[in-house]
Amino acid sequence: ESQLYFTCPHRVPQGTCEFWDAGTSAWDSGNCTLWHTDLASGVSVCNCTHLTSFVSQQTDGVEDQTLTVQQTLTGANDLSVSDVRRNLGIFITLLTVCVLVFLLWILDSWSRRRRTARKMLEALCSPEFESKLWEAGHL
């Protein structure tokens, strides 16, 4: 049994080596194994026993993340009114934090406008500005 080595550039530390199985119209990892991944160059080396269309990809992390999202959405759909009542303190706390952040943002923007207006007024009333206007013949 002969081995075929191929390199496939990608930028993930772990992955799989797969080939396109025309019979099932899907990617399959049969008779292909991930041999080595060089993180510096982003190249994976796979060992396969046949020639066809190959791919090296990270599937484990994507599948785990997809499963986590599905479980979270399923859990959110299963919330009942009694669950919300039991955790009312958490909801009120989160709402309070959001309102406080919004109010601090408004206060900061209002205070920034006041500081800018004060600086502009001080600049306009300064003796240097008045002398420049005088020199330009506007006064």
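Here are some notes:
- Qualifying residue in segment 58-67 (condition: surrounded by fewer than 13 Cβ atoms within 10 Å (Cβ to Cβ), polar (S, T, N, Q), closer than 30 Å to residue 87 by Cα and modelled with pLDDT of 60 or more): yes
- Selection count, segment 5-51, where residues are of a type outside the set (Phe, Trp, Tyr), more than 33 Å from the chain's Cα centre (by Cα) and either modelled with pLDDT under 60 or open to solvent by 60 Å² or more (accessible area, probe 1.4 Å) (or both): 5
The values are calculated or read from the model by the stated rules, or taken from the named source; none is laboratory data. This is a predicted model, so every value here is computed, not measured. Note: ideal-geometry Cβ built from the backbone for every residue, glycine included; neighbour counts use all protein chains shown. Each accessible area value is taken on the protein alone, full model and side chains, heavy atoms only, with ligands, DNA and RNA left out. Shrake-Rupley method; radii C 1.70, N 1.55, O 1.52, S 1.80 Å.
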